[in-house]
Amino acid sequence: MKYNLIGNNNYQSDNLLEEILHNRGITDIDSFLNITDDVVPDPYVFTNMDKAVDLILSHIENNSTIGVIVDSDCDGITSASIIYNTIKFYSKDIDIRYFNHSKKTHGIDEEMIDNEYFKDIDLLIIPDAGSLQYKEHKQVKEQGVKDILVIDHHPCKELSSYAITVNNQYDNKYTNLSGAGMAYLVCKALDMECWEDNANNYLDLVAIGLIADDMVTIDPIVQYFIRKGLSKIKSPIIQALIDKQELIQALIGKQEFNLKGNLNPIAVSFNIAPMINSVFRIGTIEEKNIMFEAFANIDAERKFPYTATRGAKKGITINESLYEHCARMCLSINSKRKRLSDKMVIPLEEQIKETDKVICVQVEEASLGMSGLLANALQHKYGKPTIVWGITNSKTKDTVIGSGSLRASTGDFKSRLQKTGLFEFVEGHQDAAGLQIKLEYLVSNETLREFKQKLNEHFKDDVFKKIYTVDFDLPEHDLDFYFIKELYELKDYYSKSIFEPLIHISNLKVSVDDILLMGAKQNTIKISSNDFDFIKFKSDIDEWQMLTQNSKSKMVTINLIGKASMNEYQGKVTPQIIVEAWERIE
């Protein structure tokens with residue numbers, strides 16, 4: 001159990017927030033805590049913003065038929081719904097259509113081209129994707145589309161000749177904005193041109209998109225949008241997702257989502273965004289459509305009969321709103337996704353060798369939509385960078401494609417994979433990206449073995465072991481109720497960039513009788529000691545035996561790393577440490 005202590009280890013500070021922010025590289029604490037709308041850029045600093053505004057307004061004035069492609073993730077649906085709702089604000093009766101992908105993919109896909117989805121569209125808008133689809137832009141224009149508008153944030157060094165593109169990466173300005181952030185700025189520019197103030201109604205969607213796409217929350221503009229957006233939820237579907245998740249957590253007695261009316265970045269990352277993304281990964285096209293309709297408030301007056309199958313309301317039929325129906329659907333699909341992921345990981349482990357420096361496992365084509373989730377699960381379990389990939393047949397060429405996802409925790413793994421020469425491309429975030437293996441390695445089992453050998457050889461000198469970044473290192477006797485309480489109450493500041501602080505606690509002496517293996521699946525360990533609870537989820541009997549067996553006395557000594565939490569039950573408040581890792585010392 002290795003860890004790296006950052007900062008001054010001042011766990012007795014009277015300003016823990018300042019200590020935590022300073023440890024994350026924020027030097028001007030006062031400015032960070034008091035960000036104003038001055039950080040929001042003038043939308044017209046971006047190339048083609050004026051052309052984008054003129055294009056949208058001209059098509060609205062001409063009562064054109066407009067199409068919007070919904071990109072297949074949380075940032076994609078928030079981006080598309082911001083654009084859709086904005087156009088409807090400016091022209092209530094305009095014919096605007098939306099297009100979801102049948103599989104998890106991005107931008108204009110082959111199915112859309114083959115079936116001429118856009119032949120009746122005058123203006124096609126592609127939010128959160130499409131910057132590099134030069135060939136596809138040309139193809140859909142040849143099929144009858146008059147104009148194409150791309151609103152994106154992915155790498156882009158050259159603009160399409162067949163589309164108007166607004167992309168912060170091309171301009172190298174405000175590069176931490178995601179698709180939702182760029183969609184907002186386009187709509188803000190429309191407001192400026194029309195003397196309206198509509199775009200700010202979608203700041204909650206902007207915040208959700210930014211968080212879900214792992215944008216750097218230390219950036220003042222990202223932080224501003226997140227604070228403003230989460231401070232007031234206006235989107236009915238986001239509120240319904242919050243209500244549904246809080247209800248479920250209350251029923252099963254968990255505290256992770258006890259927000260008391262406040263949504264924070266951690267809750268979005270681990271509760272809200274996964275429910276939305278699960279629909280894109282394993283949902284049907286009908287389910288994706290109903291989800292977008294909820295985000296875009298399409299036919300919002302509809303009612304959906306639902307009959308409870310269990311609980312106190314079993315057998316009772318109620319009429320759900322569009323938003324309630326969609327939230328329940330998202331929760332159900334996400335639960336199914338978790339079960340599928342757990343089930344699919346087990347056979348994949350048979351492909352893993354102990355000597356592998358990088359885990360690289362193959363899945364069936366039907367499971368490629370789950371590749372990111374499976375890679376994340378394996379990376380978390382083994383602590384090594386992980387690639388999950390599969391083979392698909394190209395529709396345009398007589399070849400196969402080896403595509404998949406990577407997950408890592410090195411901070412630079414995408415760049416390092418790009419330098420191996422083994423991949424056609426590796427694109428996305430540094431430790432969460434999509435990739436395509438070079439065709440030459442897909443010819444036979446022998447070439448695949450060669451690919452894996454070269455991959456492992458490239459990283460032969462790396463030692464991929466989990467090293468925890470710890471803010472505070474304290475002995476058990478210095479563990480204090482108010483210290484844990486304050487850390488927990490700062491949770492609204494935490495995100496993936498301003499990561500939640502970890503604590504290393506040394507020399508915790510406990511009785512083996514107080515180390516309990518709990519849960520229906522026997523996968524939770526709980527220790528109660530000195531009015532504190534220490535809880536580790538996703539554990540097993542082997543870990544419990546490591547802590548409890550072969551002790552010369554009834555007492556054992558443990559070092560552990562975990563996060564601060566508080567549990568309130570029947571009026572009693574108990575400080576908790578949610579354990580990430582622990583070790584028994586003799």
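The values are calculated or read from the model by the stated rules, or taken from the named source; none is laboratory data. Given the structure is predicted, the values throughout are model-derived calculations rather than measurements. We place every Cβ from the backbone using ideal geometry, glycine too, and count neighbours over all the protein chains shown. For accessibility, only protein heavy atoms count, side chains too; no ligands or nucleic acids. Shrake-Rupley method; radii C 1.70, N 1.55, O 1.52, S 1.80 Å.
List the residue pairs whose Cβ atoms are under 7 Å apart, where the first residue sits in region 287-315 and is at positive phi, the second is assigned to a loop (DSSP other than H, G, I, E, B), and the two are 6 or more positions apart or on different chains.
GLY315/ALA308
When you go through (1) open to solvent by 20 Å² or more (accessible area, probe 1.4 Å); (2) without any contact (Cβ under 8 Å) to a residue 60 or more places away in the chain; (3) more than 14 Å from THR524 (Cβ to Cβ) one by one for VAL556, which number turns out not to apply?
Result: VAL556 passes all but (1).
Looking at ALA207 and the list (1) free of Cβ contacts under 8 Å to residues at least 60 places away in the same chain; (2) of a type in the set (A, V, I, L, M); (3) part of a helix (DSSP H, G or I); (4) in contact with a Leu (Cβ under 7 Å, 6 or more places away or on another chain), which single condition is not satisfied?
(1)
Among the residues of region 39-54, are any surrounded by fewer than 17 Cβ atoms within 10 Å (Cβ to Cβ), within 28 Å of the chain's Cα centre (by Cα) and assigned to a helix (DSSP H, G or I)?
yes
Run ASP531 past the list (1) at positive phi; (2) charged (D, E, K, R); (3) free of Cβ contacts under 8 Å to residues at least 40 places away in the same chain and report the number of the one that doesn't hold.
For ASP531, the exception is condition (3).
Which number in (1) in a helix (DSSP H, G or I); (2) within 22 Å of SER403 (Cα to Cα) marks the one condition that LYS353 misses?
So the condition that LYS353 fails would be (1).
Working carefully through the options PHE499, PHE464, find the one that is in a loop (DSSP other than H, G, I, E, B), out of contact with any strand residue (DSSP E or B) (no Cβ under 7 Å at 6 or more places or on another chain), modelled with pLDDT of 90 or more and surrounded by 15 or more Cβ atoms within 10 Å (Cβ to Cβ).
Sole residue among the options that is in a loop (DSSP other than H, G, I, E, B), out of contact with any strand residue (DSSP E or B) (no Cβ under 7 Å at 6 or more places or on another chain), modelled with pLDDT of 90 or more and surrounded by 15 or more Cβ atoms within 10 Å (Cβ to Cβ): PHE499.
For region 120-140, enumerate the residues that are basic (Lys, Arg) and either touching a helix residue (DSSP H, G or I) at 6+ places or on another chain (Cβ under 9 Å) or without any contact (Cβ under 8 Å) to a residue 24 or more places away in the chain (or both).
Correct list: LYS135 only.
Tally time: how many residues in region 55-66 are in a helix (DSSP H, G or I) and not hydroxyl-bearing (Ser, Thr, Tyr)? Let's see the steps before the verdict.
Kept after step one, since they are in a helix (DSSP H, G or I), are these residues of region 55-66: 55-61.
If we keep only those that are not hydroxyl-bearing (Ser, Thr, Tyr) too, we end up with 55-57, 59-61.
The number of residues fulfilling the criteria is 6.
Would you mind stating whether VAL573 is among the β-branched types (Val, Ile, Thr), open to solvent by 40 Å² or more (accessible area, probe 1.4 Å) and either part of a strand (DSSP E or B) or in contact with a helix residue (DSSP H, G or I) (Cβ under 8 Å, 6 or more places away or on another chain) (or both)?
Yes, satisfied.
Does region 169-176 contain at least one residue that is part of a helix (DSSP H, G or I), farther than 23 Å from SER403 by Cα, open to solvent by 10 Å² or more (accessible area, probe 1.4 Å) and in contact with a Pro (Cβ under 8 Å, 6 or more places away or on another chain)?
Taking every residue of region 169-176 in turn, at least one turns out to be part of a helix (DSSP H, G or I), farther than 23 Å from SER403 by Cα, open to solvent by 10 Å² or more (accessible area, probe 1.4 Å) and in contact with a Pro (Cβ under 8 Å, 6 or more places away or on another chain).
Out of region 67-90, which residues are part of a loop (DSSP other than H, G, I, E, B) and open to solvent by less than 20 Å² (accessible area, probe 1.4 Å)?
If the condition is that a residue be part of a loop (DSSP other than H, G, I, E, B) and open to solvent by less than 20 Å² (accessible area, probe 1.4 Å), then VAL70, ASP71, SER72 are the ones that fit.
Name the residues in region 435-471 that are under 22 Å from the mean Cα position of the chain (by Cα) and either free of Cβ contacts under 8 Å to residues at least 60 places away in the same chain or more than 29 Å from SER178 (Cβ to Cβ) (or both), would you?
Answer for region 435-471, where residues must be under 22 Å from the mean Cα position of the chain (by Cα) and either free of Cβ contacts under 8 Å to residues at least 60 places away in the same chain or more than 29 Å from SER178 (Cβ to Cβ) (or both): LEU435, GLN436.
Looking only at residues that are hydroxyl-bearing (Ser, Thr, Tyr) and assigned to a loop (DSSP other than H, G, I, E, B) in region 516-553, which one is surrounded by the most Cβ atoms within 10 Å (Cβ to Cβ)?
Looking at residues that are hydroxyl-bearing (Ser, Thr, Tyr) and assigned to a loop (DSSP other than H, G, I, E, B), I get SER539.
Report yes if ALA294 is farther than 25 Å from LYS88 by Cα, open to solvent by less than 40 Å² (accessible area, probe 1.4 Å) and small (Gly, Ala, Ser), otherwise no.
Judged against the criteria, ALA294 is not a match.
Could you list all residues from region 281-328 that are charged (D, E, K, R) and within 30 Å of GLY372 (Cα to Cα)?
ARG281, GLU286, GLU287, LYS288, GLU293, GLU324, ARG328
Looking for something touching a Ser or Thr at 6+ places or on another chain (Cβ under 9 Å), polar (S, T, N, Q) and either under 26 Å from LEU263 (Cα atoms) or not in a strand (DSSP E or B) (or both) - is there at least one such residue anywhere in region 555-567?
Yes: region 555-567 contains one or more residues that are touching a Ser or Thr at 6+ places or on another chain (Cβ under 9 Å), polar (S, T, N, Q) and either under 26 Å from LEU263 (Cα atoms) or not in a strand (DSSP E or B) (or both).
Being farther than 30 Å from ASN8 by Cα, touching a residue at least 24 places away in the same chain (Cβ under 8 Å) and touching a strand residue (DSSP E or B) at 6+ places or on another chain (Cβ under 9 Å) is the requirement here; does MET546 meet it?
Against the criterion (farther than 30 Å from ASN8 by Cα, touching a residue at least 24 places away in the same chain (Cβ under 8 Å) and touching a strand residue (DSSP E or B) at 6+ places or on another chain (Cβ under 9 Å)), MET546 qualifies.
Looking only at residues in region 189-218 that are open to solvent by less than 50 Å² (accessible area, probe 1.4 Å), at pLDDT 95 or above and among the charged types (D, E, K, R), which one is nearest to GLU61 (Cα to Cα)?
This residue is ASP191.
Yes or no, residue by residue, for (1) within 30 Å of ALA520 (Cα to Cα); (2) of a type in the set (Phe, Trp, Tyr); (3) at pLDDT below 95; (4) in contact with an Asp or Glu (Cβ under 8 Å, 6 or more places away or on another chain):
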residue: LYS234; (1), (2), (3), (4): no, no, no, yes
residue: GLU246; (1), (2), (3), (4): yes, no, yes, no
residue: LYS260; (1), (2), (3), (4): yes, no, yes, no
residue: ALA294; (1), (2), (3), (4): no, no, no, no
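Being part of a strand (DSSP E or B), of a type outside the set (Ser, Thr, Tyr) and more than 28 Å from ASP471 (Cβ to Cβ) is the requirement here; does LEU508 meet it?
Here the answer is no, as LEU508 does not meet what is asked.
For region 54-68, state whether one or more residues are closer than 17 Å to GLY181 by Cα and at pLDDT 95 or above. Even if it seems obvious, please write down each step before you answer.
If we filter region 54-68 for residues that are closer than 17 Å to GLY181 by Cα, which is where we start, we get 68.
Next, only the ones that are at pLDDT 95 or above stay: 68.
Yes, region 54-68 contains a residue that is closer than 17 Å to GLY181 by Cα and at pLDDT 95 or above.
Has region 348-355 got at least one residue that is open to solvent by less than 70 Å² (accessible area, probe 1.4 Å), without any contact (Cβ under 8 Å) to a residue 12 or more places away in the chain and more than 22 Å from the chain's Cα centre (by Cα)?
Yes, that holds for at least one residue.
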